[in-house]
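The values are calculated or read from the model by the stated rules, or taken from the named source; none is laboratory data. None of the values given here were measured: they were computed from a predicted structure. Heads up, the Cβs are rebuilt from the backbone with ideal geometry, glycines too, and the neighbour counts pull from every protein chain shown. Side chains are part of the model used for accessible areas, which takes the heavy atoms of the whole protein and leaves out ligands, DNA and RNA. Shrake-Rupley method; radii C 1.70, N 1.55, O 1.52, S 1.80 Å.
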Amino acid sequence: MKILSVVGARPQFVKLAAIADAASRREDVEHVIVHTGQHYDAAMSDVFFADLRIPAPDVNLAVGSGTHGRQTGAMLSAMDEVLEEHRPDWTLVYGDTNSTLAGTLSAVKMHLKVAHLEAGLRSFNRRMPEEHNRVMTDHAADLLLAPTEVARGHLASEGLAERTLVTGDVMTDVCLRVAASVEGTPLRLPEGIDPASDFAVATIHRADNTDDPERLAAIVRGLQELELPLALFAHPRLVAKAKDAGIALAGGAVHLGEPLAYPDLVNAVQRSRAVVTDSGGLQKEAYLLGAPCTTVRTETEWVETLEGGWNELAADPATIAASVSRPRPAGERPPYYGDGRASERSVDALRERA
Ligand code: UD1
């Protein structure tokens with residue numbers, strides 16, 4: 001049985017790590033990895049393969065950055081040949097990026113079966129490119145591997161119940177495994193932050209937050225005003241947009257760092273007092289690792305994290321500081337995201353339906 005995974009962006013490499021590992025433990029599974037090249041900087045791509053021990057991609061489409069149309073189109077035109085050569089039993093796509101949509105479209109057009117991992121997430125915010133990507137992917141795919149019951153509910157309400165299977169969340173598999181392995185190892189924080197004292201961790205990269213200079217300035221102000229020292233691990237999009245807008249990211253509470261390797265990020269989050277982010281994955285990692293999170297968005301797909309106050313939305317950047325300084329939630333963190341075996345369930349679901 002042959003699975004062909006299509007990945008391209010940072011969070012997809014984390015999910016791929018879980019699937020590649022589960023696939024390697026099934027003798028009858030051949031796993032082909034196609035990297036679209038959406039993310040290409042070493043810190044955004046190579047380090048994930050190295051740290052998470054993911055086999056090197058079999059194919060790299062090297063599409064690079066571009067407008068949504070150009071980037072997605074370049075992937076589409078490169079995929080036909082790859083799928084023709086490999087003729088997989090399943091094309092497996094991950095999450096909600098342009099690489100997800102391109103992998104899906106190219107496979108369904110060749111009448112190859114597509115499975116969508118992390119199906120059924122919804123923000124109901126049609127300004128987000130990710131929302132279009134995930135809705136279109138869910139409706140085109142043959143098998144929908146949903147991380148949670150909430151995701152299953154969304155798919156059912158769109159008429160997709162019969163194609164849906166709840167597996168748990170594969171990022172949780174990786175997060176729990178890595179968290180145990182980095183416990184007690186040194187932290188990699190930007191200069192000026194004392195790892196022995198309280199600190200916060202932040203990432204900001206969504207187009208809605210970075211591309212409007214006024215909003216970006218307000219967010220940076222909100223971060224700089226925090227009482228706690230803050231490690232801001234800056235995505236290249238954030239760095240580029242801040243530079244264009246003449247906004248200095250460092251200053252006040254903010255200490256600037258490069259994007260972290262996954263184990264270093266998990267280590268920093270699990271030792272932090274608070275997390276501020278607009279990343280979906282990081283909201284969930286904060287929840288799993290017990291760091292109170294402030295999400296700089298109007299909504300979240302991972303609604304379970306809001307329960308018990310572990311995650312709070314700060315749509316208005318002026319409210320970030322108050323949210324970060326809220327008392328540590330006393331509530332429990334129920335295991336909404338599974339038991340760490342979602343990737344095995346996902347690979348077995350594909351084997352049973354090959
Ligand atoms: C993409 C995904 C988003 C995901 C995020 C994770 C889409 C529509 N968005 O957003 O869902 O949360 O990845 O990081 O697919 N750049 C570099 N080096 C790189 C990659 C990007 O410098 O290796 C810069 C380029 O200026 C590029 C910009 O970052 O134009 C944005 O990259 P892109 O892949 O278009 O989207 P992300 O913002 O990373």
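If you go through segment 30-60 and keep only what is assigned to a loop (DSSP other than H, G, I, E, B) and either farther than 21 Å from G168 by Cβ or open to solvent by 20 Å² or more (accessible area, probe 1.4 Å) (or both), you end up with T36, G37, Q38, H39, Y40, D41, S45, R53, P55, A56, P57, D58. Is it the case that T300 is surrounded by 20 or more Cβ atoms within 10 Å (Cβ to Cβ), outside any helix (DSSP H, G or I) and away from the ligand (no atom under 16 Å from the Cβ)? It is false that T300 is surrounded by 20 or more Cβ atoms within 10 Å (Cβ to Cβ), outside any helix (DSSP H, G or I) and away from the ligand (no atom under 16 Å from the Cβ). No other residue among T298, T277, T319 is of a type in the set (S, T, Y) and within 17 Å of the chain's Cα centre (by Cα) apart from T277.
Residue-wise test of (1) more than 26 Å from R237 (Cα to Cα); (2) of a type in the set (S, T, N, Q).
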{"site": "S24", "(1), (2)": "yes, yes"}
{"site": "V59", "(1), (2)": "no, no"}
{"site": "L76", "(1), (2)": "no, no"}
{"site": "E85", "(1), (2)": "yes, no"}
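Please enumerate the residues belonging to segment 81-139 that are open to solvent by less than 40 Å² (accessible area, probe 1.4 Å) and of a type in the set (K, R). Within segment 81-139, R122, R134 meet the criteria. For L52, indicate whether it is within 16 Å of the ligand (Cβ to nearest atom) and farther than 29 Å from R70 by Cα. Against the criterion (within 16 Å of the ligand (Cβ to nearest atom) and farther than 29 Å from R70 by Cα), L52 qualifies.
Of the strands (runs of 3 or more DSSP E) lying entirely inside segment 104-223, the ones with 2 or more residues being within 22 Å of P334 (Cα to Cα) and under 23 Å from the mean Cα position of the chain (by Cα) are found at 143-146, 164-166. For segment 1-29, the candidate set comprises residues that are within 16 Å of the ligand (Cβ to nearest atom) and open to solvent by 30 Å² or more (accessible area, probe 1.4 Å); within that set, the residue that is nearest to D169 (Cα to Cα) is P11. Out of L282, L249, L260, one residue alone is of a type outside the set (S, T, Y), outside the structural domain of T148 (by TED's automatic domain parsing), touching a strand residue (DSSP E or B) at 6+ places or on another chain (Cβ under 7 Å) and not in a loop (DSSP other than H, G, I, E, B). It is L282. Just to be sure, is A291 at pLDDT 95 or above, under 25 Å from D51 (Cα atoms) and under 16 Å from the mean Cα position of the chain (by Cα)? Criteria not met by A291. Residues in segment 265-279 that are open to solvent by less than 40 Å² (accessible area, probe 1.4 Å), more than 20 Å from M128 (Cα to Cα) and touching a strand residue (DSSP E or B) at 6+ places or on another chain (Cβ under 9 Å): L265, A268, V269, S272, A274, V275. Among residues of segment 189-237 being out of contact with any strand residue (DSSP E or B) (no Cβ under 8 Å at 6 or more places or on another chain) and open to solvent by less than 10 Å² (accessible area, probe 1.4 Å), the one that is nearest to the ligand (Cβ to nearest atom) is T210.
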